[in-house]
Amino acid sequence: MNPPNVTFHDRVERALADTQLHVALERATGRFTTLRADALASLPNAEAVRDRARQIRAHTLSKLDVYLTQFAAAVDAAGGQVHWAADGEAANRIVLDIARAGGVKKAVKGKSMVSEEIGLNHALQAAGTEVIESDLGERIIQLAGEMPSHIIVPAVHKTKEQIGQLLHEKLGVPLTHVPEEMTAAARASLRGEFLTADMGISGVNFGVAETGTLALVENEGNGRLTTTAPHIHVALMGIERLVPTLDDLGVMLQVLARSATGQKLTVYTNLLTGPRRLDEPDGPDELHVVLVDNGRSRVLGGELAEILYCIRCGACLNACPVYQQIGGHAYGSVYPGPVGAVLTPALGGIGPWNDLPHASTLCGACREVCPVRIDIPRMLLELRNEGHHSDHSPWWIKISLPIYAWTARWPALYHLAVRFSAFATRLIARAGWMARLPPPLSGWTAHRDFPAFARESFSQQFKKRKS
């Protein structure tokens, strides 16, 4: 995850000015929010199931070394091969070595956020291997030369009209804005790719430690074709994406689809254990599971470890008022929204991603909808504090916060400052509102007026009422 050259504020300004983006986001996030609420209402004891899902994630991460060892042994026993990648560069190198050994010319790829995180497509293409995204959303953004803007709906930022034009230009299909016709055109162009690919690459939603099973959930069938048609299957998996048992997997599946797309269960829930056996007609001859660390083990022992509970449902993005206005590309990372505002600086360091923890109102909506109840607001505050103490805060925050902290220690001085501020703001206000303020407060008044302070503070009013 390399930080982009354009600043966060420039990306936000561009997003706010994009009317088509707002249309697309309003259509998608509102629909997903409604579907999620309806789906959870259909789950008996939904809150208890969420509590159980959180317990499973917490327990698994507390003994991650044990479960990783068990999982690797189970994959090996089933005939697969496990590869350990300390970082993104190592993971790319492992996949490239597998491709070279297998004489791979073309790889077909299912949806994988880890592959986006490590830049796998670029590494393979630079080595001469053609990469075809098979997930429809990922295929759309691949044709557009963009990165995902949502965890589960990569092309959520595009309207159906934009997608129709893109497919017409890139695939040469007749121009249409009918979703069913566009889907059929994409399916027709992809069908042959599965049969001619030498390697299939997938992500992993959950790995089951006791059996070495890979669980992949999807709605298009492309994941099943990607993992069974080519003779080599490479599965990329973050080291945290484990559950101890198949029973635990059942709990996670109950909350994943409901939180992500509002379904009780995805159309395809693929459970893959090892490569094709001798008596089986379908499946890959080789299964390679690449376990990717890339900073996760470092996060595991710190204040941000809870972010590794995430099951990548995307519910926090749909609920976030900031994401609803700026979309995913404004974050500059493959992990957008509230979860990305924590995970990206946690994995990549606060330095290049210092702005992301501030891209939040701290309203807590992300925490409320999270199926495993991750306390994202707490970690956003932790990262803001880290950014401040590592000297990445803006100059005006470096000056103003120490002044405020010092003033707040002396009640008499604090009340004097409040009275002065009330007098000064009323002096320049018109009808109780200020239309223009100097920098950095001009960032507020450029878009909305700022209210003048009340003549009497709350404490002054309270004392009067009490007397």
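The values are calculated or read from the model by the stated rules, or taken from the named source; none is laboratory data. Keep in mind that this is a model prediction, so the values were computed, not measured. Every residue, glycine among them, receives a Cβ derived from its backbone with ideal geometry; neighbour counts consider all protein chains shown.
Quick notes
- Lone qualifier among P394, P451 - being surrounded by 12 or more Cβ atoms within 10 Å (Cβ to Cβ) and under 40 Å from the mean Cα position of the chain (by Cα): P394
- Scanning the range 113-147 for residues that are part of a loop (DSSP other than H, G, I, E, B) and surrounded by fewer than 23 Cβ atoms within 10 Å (Cβ to Cβ) yields G119, A127, G128, T129, G145, E146, M147.
- Residue, farthest from T228 (Cα to Cα), within the range 84-96, restricted to residues that are hydrophobic (A, V, I, L, M, F, W, C) and outside any helix (DSSP H, G or I): A86
- So A99, is it exposed (fewer than 13 other Cβ atoms within 10 Å of the Cβ), in a helix (DSSP H, G or I), of a type in the set (A, V, I, L, M) and over 21 Å from the mean Cα position of the chain (by Cα): no
- Residues of the range 62-78 satisfying the condition of being in contact (Cβ under 8 Å) with a residue 24 or more places away in the chain and either hydroxyl-bearing (S, T, Y) or over 13 Å from I239 (Cα atoms) (or both): Y67, A73, A74, V75, D76, A77, A78
- Sole exception among (1) under 30 Å from E181 (Cβ atoms); (2) surrounded by 17 or more Cβ atoms within 10 Å (Cβ to Cβ) for A91, by number: (1)
- Criterion: under 30 Å from T273 (Cβ atoms), in the same structural domain as K264 (by TED's automatic domain parsing) and either out of contact with any strand residue (DSSP E or B) (no Cβ under 8 Å at 6 or more places or on another chain) or without any contact (Cβ under 8 Å) to a residue 60 or more places away in the chain (or both) - qualifying residue of T211, T159, T183: T211
- Candidate set: the range 415-448, residues that are exposed (fewer than 14 other Cβ atoms within 10 Å of the Cβ) and of a type in the set (D, E, K, R); chosen: the one farthest from the chain's Cα centre (by Cα): R430
- When the residues of the range 309-340 are filtered to those that are hydrophobic (A, V, I, L, M, F, W, C) and either more than 15 Å from C366 (Cα to Cα) or in contact with a Phe, Trp or Tyr (Cβ under 7 Å, 6 or more places away or on another chain) (or both), the one that is surrounded by the most Cβ atoms within 10 Å (Cβ to Cβ) is L317.
- All helices (runs of 4 or more DSSP H) inside the range 195-313 with 2 or more residues being of a type outside the set (D, E) and within 22 Å of A85 (Cβ to Cβ): 222-228, 296-300
- Near pairs, Cβ below 7 angstrom, 6+ apart or cross-chain, from the range 233-244 (closer than 16 Å to A73 by Cβ and outside the structural domain of R276 (by TED's automatic domain parsing)) to any residue that is surrounded by 24 or more Cβ atoms within 10 Å (Cβ to Cβ) and of a type in the set (G, A, S): none
- Residue in the range 409-425 that is in contact with a strand residue (DSSP E or B) (Cβ under 8 Å, 6 or more places away or on another chain) and either outside the structural domain of E240 (by TED's automatic domain parsing) or among the β-branched types (V, I, T) (or both) present: yes
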